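Here's the structure we're looking at; comments come further down.
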Ligand code: PBG
């Protein structure tokens, strides 16, 4: 036998020497949830180890994460029910929870890179990412309006840029929104604010725990007329091409694990960095199995993140970020 592939696995040193993929804490973005109040840290039932923090505690936690080497965070707000309306007005209220918190973070933790979320759902009484057409005949499926949603997203994006956001994450899947936001940002002097486009965002069952965390589940229907069909691969290239042409700095695939082929496709076809969102349901699965003693949670996490990176993601948004950073330090 001339070829013995096992020779390259014979010791830890050699295994490391020939390792084709490396994962570093600087590849990760930590998504976090902010809620109204003081001194609050409420664990999300379906996401053990992940909390909704009041702004004061969020800042402490972000600071602790920075000490562990995590520098980039994505922030999502839990908006009080009575502040939601059909036009997501609260999303551009400068004194509202989200914009206030963004300003505080940027003032107190200046070195931190903050990604914000551009979509109507946390603020919408309909729980949808776009504006819902009202007064439809009974029995007719509701319509999520595309072009009418863009100015709302624009206001939201501009308010976030003004508050100090470094990267905007349009997660709504409306057509044309990246170009719309890019032009608006440039016109207002925010040409250095980046856009990470949720390009291939699938209509997925794996967002369940996130919607629990924010109470943001759609009040009726589903998101299938704007989020992508899990059966489709070529369509992701169309979405990515548009977002690239419209000026996106990063292209994202979401969720990550069931869509590794899409991550690979995008990474082979576009020179901008590809991001993958290792979503709430993917986190919850590992945690639930580990709690039951059905698998080794730490090893499963490492393998999962490495697999996403190997598929072609440069950046991974993951709720495991802090855990990964702690393990990487020891
Ligand atoms: C919605 C949004 C969702 C997530 C991020 N932004 C869920 C949805 O589309 O309903 C999900 C993230 C996760 O599951 O971790 N704008």
In degrees, nearest ten, helix 150-163 long axis to first principal axis of the chain (Cα):
70 degrees
Running a GNM on the chain with Cα contacts under 10 Å, which residue among 21, 89, 116 ends up with the highest mean-square fluctuation?
21
Estimated FRET transfer efficiency when R0 is 25 angstrom, pair residue 203-residue 95 (beta carbons, to 0.05):
0.15
What list do you get for 63, 92 if you sort them by fewest beta carbons within 10 Å?
63, 92
Percent of beta bridges antiparallel (DSSP, the chain, rounded to nearest 5)
10 percent
Working out 0.36 nm times the residue gap between residue 67 and residue 106, then minus their Cα-Cα distance, what length gain in nm do you get to one decimal?
12.4 nm
Calculated FRET efficiency for the pair residue 141/residue 212, C-beta based, R₀ 35 Å, to 0.05:
0.90
Going fewest to most other Cβ atoms within 10 Å around each Cβ, 65, 113 line up as 113, 65
Could you tell me which of rounded, prolate or oblate describes region 3-105, using a ≥ b ≥ c as the square roots of the eigenvalues of the alpha-carbon gyration tensor, with rounded for a/c under 1.5 and, failing that, prolate when a/b is larger than b/c and oblate otherwise?
prolate
Arrange 249, 117, 261 by Cβ neighbour counts within 10 Å, fewest through most, would you?
261, 249, 117
Averaged over all viewing directions, the convex hull of the alpha carbons in region 133-255 casts a projected area in nm² of 8.6 nm²
With a Förster radius of 22 Å, plug the Cβ-Cβ distance of residue 133 and residue 235 into 1/(1 + (r/R0)^6) and report the FRET value to the nearest 0.05.
0.35
Express in nm, to one decimal, how much length is gained between residue 220 and residue 17 on full extension, taking 0.36 nm for each residue of separation and deducting their alpha carbon distance.
67.8 nm
Find how much the distance from residue 7 to residue 271 grows on full extension, using 0.36 nm per residue of separation minus their present alpha carbon separation; answer in nm with one decimal.
91.5 nm
Helix-derived [θ] at 222 nm for the chain: sum -39500 (n - 2.57) over DSSP H runs of at least 4, divide by residue count, nearest 500?
-11000 deg cm²/dmol
Placing one equal point scatterer on each C-alpha of the chain and summing with Debye, one gets log10 I(q)/I(0) at q = 0.09, 0.15 Å⁻¹ equal to -0.47, -1.32
Would you mind checking the tilt of helix 234-245 against the longest principal axis of the Cα atoms of the chain, expressed as 0 to 90 degrees and rounded to 10?
70 degrees
Using alpha-carbon coordinates, inclination of helix 177-187 to the longest axis of the chain, degrees:
70 degrees
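Here, each number is a calculation from the coordinates, and none is a lab measurement. Everything quoted here is computed from the prediction, not taken from an experiment. All Cβ positions, even for glycine, are placed from backbone atoms using ideal geometry, and neighbour counts span all protein chains on display.
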